[in-house]
Amino acid sequence: MPINDGVFFVPEMSTDRRVNVFRRIIHDLDEFEGLEVDAYIVITERYLVVFDTLLCPEDSAIMMHMVEDQCIGRQILVVNSHADWDHCWGNVYFTGEHAAPIIAHHHSLTRLQSEEARQELKDYKQRYPVFHTVELISPTITFNEGLTIRGGDLTIELIPAPGHHPDHIAAWIPQLRLLLAFDAVEKPFPSIENADAVPAMFATLAHFVAMLPERVLCSHGKSTSFALVKENLEYLREIERRSRALLQGRRPTDDELEHASEVIHYSLDEVTGGSTEPFDRIYYNWAHDANVRSLLQWLMSYQGEI
């Protein structure tokens, strides 16, 4: 399957022919230059299930072209892992002649219908040509507690996995012991939405660990390892340990919270352990500071319990 406009098939990420992994490499988007995001198409006896639609309808068209021979006799279903632009702005492909049900957490509906989302798309369209054909297409089927797709040979359990965002979900395929974790697991670490989301992120990762998957696929990081889930959880626990130690003596100032990793003496280099694998240092420096800031703010909101 050829590379085409930055979207390509990644066969080495899957050990089962029914699970197809696709990667979008982002170019010409300023601060997102070189960002990679993965999407999946899972082929069951009854359904062809598209997990995330990437940046624009052209991205989804490329993926669907690559599996068009598998569509015959199968209902197409679309699942949005959450409403971030790099995961669902290709939804418009699945309207009109390609119409298909779009499944997501109910809060994704709220996010995609918000003024904030409309303004974000307007801004991106003005700045980047790749988004000129994007429309905000909301999910047609939503859930809160969970939803099961019974595909015949494979069962796909959609489960809430908040922390990165309140609408974030994961997908569990028990027959393969495969977890699609999307942005809840990431290499080198995931991003927490804010201080209020800290307990949810801890709970999500702890739940993933308890599930004991054999393989884990995430949207960013090129990893299939269950060990990464444990590493992500330990990363957050280490931030919590250092934050609690700091707060035993004092509360950081607002200025210190802008560079929160420095105040708890936990640098990005220490987090990554001197890894030689390439990653976006600018983004992950920002994300690391934001994660530490969220942990500190969460702990400070319960100062009396520390």
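So here's what we get for this one:
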| quantity | calculated |
| --- | --- |
| Packing-based order for 45-57, 290-302, using average beta carbon neighbours within 10 Å, highest first | 45-57, 290-302 |
| Cβ charges +1 (Lys, Arg) and -1 (Asp, Glu), total dipole of the chain, debye | 840 |
| Whole-Hz ³J(HN,Hα) from phi, Karplus 6.51 cos²θ - 1.76 cosθ + 1.60, for the stretch 288-301, glycine and proline x | 5, 4, 5, 5, 5, 4, 5, 4, 4, 5, 5, 5, 5, 6 |
| For the stretch 104-235: rounded, prolate or oblate by the Cα gyration tensor [a/c cutoff 1.5] | prolate |
| Eligible lysines near residue 187 by straight Cα distance, threshold 18 Å, same-chain separation 8 or greater | 222, 230 |
| Fraction of antiparallel bridges per DSSP, the chain only, in percent to nearest 5 | 65 |
| Protection proxy ranking, peptides 118-131, 165-178, average beta carbon neighbours within 10 Å, highest first | 165-178, 118-131 |
| C-alpha center-to-center spacing [the stretch 99-142, the stretch 253-300] in angstrom | 30 |
| Nearest-0.05 FRET efficiency for residue 211 and residue 238, computed from C-beta distance (R0 30 Å) | 0.85 |
| Cα centroid separation, the stretch 199-224 to the stretch 56-84 (Å) | 24 |
| 0 to 90° range, to nearest 10: angle between helix 115-127 axis and the chain longest Cα axis | 80 |
| Residue 196-residue 17 FRET efficiency (beta carbon distance; Förster radius 35 Å; 0.05 resolution) | 0.25 |
| Charge dipole magnitude, Cβ of K and R +1, D and E -1 - the stretch 22-149, Cα centre, debye nearest 20 | 400 |
| Peptides 187-199, 16-28 ordered by average Cβ neighbours within 10 Å, highest first | 187-199, 16-28 |
| Approximate shape of the stretch 185-306 as ellipsoid semi-axes (Cα gyration tensor, √5λ), whole Å, largest first | 25, 17, 11 |
| Three-way shape label, the stretch 177-229, alpha-carbon gyration tensor, a/c 1.5 | oblate |
| Check: the stretch 120-239 dipole with +1 on Lys, Arg Cβ and -1 on Asp, Glu Cβ, in debye | 320 |
| Listed residues 301, 246, 44: farthest to the positive end of the dipole of the chain (Cβ charges) | 44 |
| Fully extended contour minus Cα-Cα distance, from residue 254 to residue 122, at 0.36 nm per residue | 44.3 nm |
| Computed over the stretch 17-175: relative contact order in percent, which uses C-alpha pairs under 8 Å that are six or more apart | 20 |
| Cross-link partners of residue 125 among lysines (Cα-Cα below 24 Å; sequence separation of 8 or more within a chain) | none |
| Accessible solvent surface per residue of the chain, calculated while the other protein chains remain in place, 1.4 angstrom probe, Å² | 45 |
| Zone of residue 283's modelled label, taken as backbone nitrogen in the stretch 207-224 under 16 Å from a point 7 Å along Cα→Cβ | 218-223 |
| Charge dipole of the chain about the Cα centre (unit charges at C-beta), most positive-ward option of 217, 190, 292 | 217 |
| Karplus-derived HN-Hα couplings along the stretch 165-170 (A = 6.51, B = -1.76, C = 1.60, θ = phi - 60°), whole Hz, x at Gly and Pro | 8, x, 8, 5, 10, 10 |
| Length-normalised contact order of the chain in % [C-alpha pairs under 8 Å, at least 6 apart] | 12 |
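The values are calculated or read from the model by the stated rules, or taken from the named source; none is laboratory data. These numbers come from a predicted model, not from an experiment. For neighbour counting, all protein chains shown are included, and Cβ atoms are generated from backbone atoms with ideal geometry for every residue, glycine included. Ligands, DNA and RNA are excluded from the accessible area calculation, which covers all protein heavy atoms including side chains. Shrake-Rupley method; radii C 1.70, N 1.55, O 1.52, S 1.80 Å.
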